[in-house]
Amino acid sequence: MSAAGPAPARILETGFGAGLHFLNTWQAWRNAGARTGLLHYAGITARPLPSEALLQAAAHDVALQPLVQQLAAQWFGLMPGFHRMVFEDGAVLLTLCVGETRAMLRAQEFSADAVWLHDEPADPAEWDLHALKSIARLCRRGAVLSASSAHGGLLPHLASCGFAPPGDQPSSPAGHWSAVFAPGWAPRGPRRDAGPEPGTAVVVGGGLSGAAAANSLARRGWQVQVLDAAPQPAAGASGLPAGLLAPHQSPDDSLLSRLIRAGVRITLQQARALLREGVDWQASGALEHRLDALQSLPPAPDKALAPWSREASSEDKLQARLPAEAPALWHASAAWIKPATLVHAWLDHPRISWRGGSVVARVEST
């Protein structure tokens, strides 16, 4: 996984740090001319570094500057959980997993072609047999696990999990070693085989959901036909003049809050890439008057929450003509958007065809 060769399609890193492995892999993907393929990189970090640390870590490499600048621009609001960042028109995906390593590994639904093992754990017992089994569960047969060093107890555990010992592999750069996932048994789980090769797909519905699904498939190489009973896209609620993107907050940072923040992040990325700011959308922020007067932020909110939401100030309330005692939140990352414009932008792809006036009576499996 060096910068000299093509990058594997799906990579898992257990210690994302300042993101240098990701940036070098992204650069390798560019250099290899692999821009037609999808690169999906999943990185785990317990505590995200500030964006300034990312910029400083890559400052020595001129080639990485445009990449780290793009990464730093999306490096905000990294609360515990999963965060998807999109680059290269959707061809490079970064899934940043914020939390304790073992918990994040258990929560993964990922099939890795390569793994970068964080080889200097804060806890010497971090890579025990159970932890390495969690990694093996996420590997495709033939996946390469790499690190810069290996302590004595690691190698037997790797062999028990189905990884070929480093000594069986070709020589690697000084200080580095690798192992290949080649178990002598049939691994359990549904994620062992490669997914279907891009083919043809039909999406029923030409609103926001259908257009988003069609665009995602097309970016992955599928030929997509979109069917809708209406003659034009965005004929239903997606055709409203404007919509509001705003995060959801809860005292326990519930799954719903995390899911909606992820959706807002992705939609803002897409708006910046596809729409005209100030015409089709605008990151204006929004004040939410909490009519139920219930506590809506965690009692001791993580500082990473600040780019998303905070308690509204007296000035915020005054501008909204609310009394000073009114319960309210200011959502700094909220935006207004013209949903129909986004629908049309998603469907404007060479691999997507539109077929309006088509009523779908039933769906049959073949």
Gaussian network model of the chain, springs between alpha carbon atoms under 10 Å - residue of 299, 80, 247 with greatest fluctuation: 299
Spatially proximal lysines relative to residue 317 (Cα-Cα < 30 Å; intrachain offsets below 8 disregarded): 303, 338
Sequence of 266, 44 once ranked by neighbouring C-beta atoms within 10 Å, starting from the fewest: 266, 44
Ranked 88, 277, 109, criterion: other C-beta atoms within 10 Å, fewest first: 109, 277, 88
Sequence of 79, 85 once ranked by neighbouring C-beta atoms within 10 Å, starting from the fewest: 85, 79
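Which whole-number percent is the relative contact order of the chain (Cα, under 8 Å, 6+ apart)?
Numbers: 644 pairs, mean separation 55.0, N = 366.
The value is 15 percent.
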Using θ = phi - 60° and Karplus 6.51 cos²θ - 1.76 cosθ + 1.60, couplings along the stretch 89-95 (whole Hz; Gly, Pro as x): 6, x, 7, 10, 10, 10, 9
Of [x] 23.0; [y] 30.7; [z] 21.6, the label for Kirkwood radius over Cα pairs in Å derived from the coordinates: [x]
Helical segments meeting 27 Å axial Cα length and Kyte-Doolittle -1.0 threshold in the chain (DSSP H): 255-274
Trypsin sites (Lys or Arg not before Pro) within the stretch 244-329: DSSP coil, no more than 16 neighbouring Cβ in 10 Å: 276, 290, 321
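Return a whole-number percent for the relative contact order of the stretch 200-355, with Cα pairs under 8 Å and 6 or more residues apart as the contact set.
Averaging sequence separation for qualifying contacts and normalising by length gives 37 percent for the stretch 200-355.
Computed from the coordinates by the stated procedures, all read-outs in this text should not be read as laboratory data. Note that this is a predicted model, so its numbers are computed, not measured. All Cβ positions, even for glycine, are placed from backbone atoms using ideal geometry, and neighbour counts span all protein chains on display.
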